[in-house]
Structure formats: structure tokens, C-alpha cells
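The values are calculated or read from the model by the stated rules, or taken from the named source; none is laboratory data. As the structure is a prediction and not an experimental result, all values here were calculated from the model. Positions of Cβ are backbone-derived with ideal geometry, glycine not excepted, and every protein chain shown enters the neighbour counts.
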Amino acid sequence: MPAARTFSFMRSLLKSYGPSTIKKRLWDAEFSTGKWNFIDDTRGDCVYGYLDKYAHGGSVLDLGCGPGNTANEMTNEVYQRYVGVDISEAALEKARKRSHENGRASKNVFVQGDFLGFEPNEKFDVILFRESMYHCPMNRIKPVLDHYSSFLKRGGVFVVRMNTKGGKLGRPKAMADLIAAELDLVERRQHGDDGATVIVVRPKSAN
């Protein structure tokens, strides 16, 4: 494997599975240099219909929120409180700025942290993993979902948005299948031909 590819591969591994301090440094560098500017506008994404459906005018926890797309693009009327968590402070600075400019600063809160070990201090109607579950090791998916299950309100759901086509050895689809199998599946749908898939699940103990 050429040196450049090796470096890129190792960097990708560290961004997902390295210590939180290293992950923060790497993600901060990429957001600060504009590498991820191309994702700043995702209006019309398939995930928003699900948030409209399940938030019930309540609260949303967005794990791996990036530069605040969800907080600023979902329908304003469908939620009263939003908490976005991301490991990159550079991404969160952009998210806060966007929320202020959009008049949502009073209802959008952003917290720096690694979602794999984050401890909320409240419960939510929707807990969202939007393109962030890729960064969870396969053997930690169930423990992570079990951890966050206690922070769902009665009747609350997880909404997981992933691209299930492609990926090394079909890993995204395997992750989606695992999530659907381990929790109570509410709905699962692929949108379009690019593999954009939304899975809605709730804890098996939920009524």
C-alpha cells in the first residue's frame, strides 16, 4: 500500500476509533480548513420527514451533529429543544453561528463531546444518528444504543440515517441490519438509488 494511502487509512481509523483527544484534533483540523464545507446544505434530505413525524413538537438529541445542518434545516415548528453533540469544536462553532443567524439560538444547544461516551442530563423524543453510526465500532453498537435508551422519553425513538450501499465489505448494511435486529423496528426505508437508508427503532422494552 503506498505511503499516502496508508496515512489516509490510519487517519480514518483514528478519527473513528482513536482516543477522544486525537479524534477531536483530527476533526477540528478538517472542519477548520473547510474540508467538510460541501455538506453545509442538506435541505430536502430524506431524514427530515422522519424528524417531522416523530419529534412531536418536543426534543431532539443529535449525536455527531457536525456543523449544525439538522438544527437549522429541520422544520422549526416540529421541535422545541435541540441538543447537538459533536467531537469537533470547530464544527460546533459553525453550528452555533448558523443557529444565531437563523433565530434558533434559544432552542438549539451544542455540546462538545465524543458521542460514544456522552451522558445527557435529560430525556428526548428523538435521538438521531445522522451519518454518525459509521464511527461506532460494530461491537459497540448495541451497548451504545442500550446506553442511550435510558435517555428516550416514553414512546421515543432512535432515528438512524446511513448510506447502506458500498463501504468496505458491506459494513454499513451490516450495521443497519444489526440495529434493526437488536431493537424493535418501527420502520426502515431506502430512499433513491444511492443507498440513503433511514431506520427508526425503539428499545425492545418500550411499550
Of all residues making up segment 145-200, the number that are of a type in the set (D, E, K, R) and crowded, with 20+ Cβ neighbours inside 10 Å: 1
In segment 127-144, residue nearest to the chain's Cα centre (by Cα) [restricted to those that are surrounded by fewer than 17 Cβ atoms within 10 Å (Cβ to Cβ) and in contact (Cβ under 8 Å) with a residue 60 or more places away in the chain]: Tyr134
Near pairs, Cβ below 7 angstrom, 6+ apart or cross-chain, from segment 112-126 (of a type in the set (Phe, Trp, Tyr)) to any residue that is modelled with pLDDT of 95 or more and surrounded by fewer than 17 Cβ atoms within 10 Å (Cβ to Cβ): Phe124/Phe151; Phe124/Lys153
Odd one out for Val78 among (1) buried (at least 19 other Cβ atoms within 10 Å of the Cβ); (2) of a type in the set (A, V, I, L, M, F, W, C); (3) within 16 Å of Asn108 (Cα to Cα): (1)
Complete set of residues in segment 95-121 that are outside any loop (DSSP other than H, G, I, E, B) and surrounded by fewer than 21 Cβ atoms within 10 Å (Cβ to Cβ): Arg96, Lys97, Arg98, His100, Glu101, Val109, Val111, Gln112
Identity of the residue in segment 21-64, among the acidic types (Asp, Glu) and under 21 Å from Tyr134 (Cα atoms), that ends up surrounded by the fewest Cβ atoms within 10 Å (Cβ to Cβ): Asp41
Residue within segment 37-57 that is part of a loop (DSSP other than H, G, I, E, B), among the basic types (Lys, Arg), out of contact with any strand residue (DSSP E or B) (no Cβ under 8 Å at 6 or more places or on another chain) and under 25 Å from Phe158 (Cβ atoms) present: yes
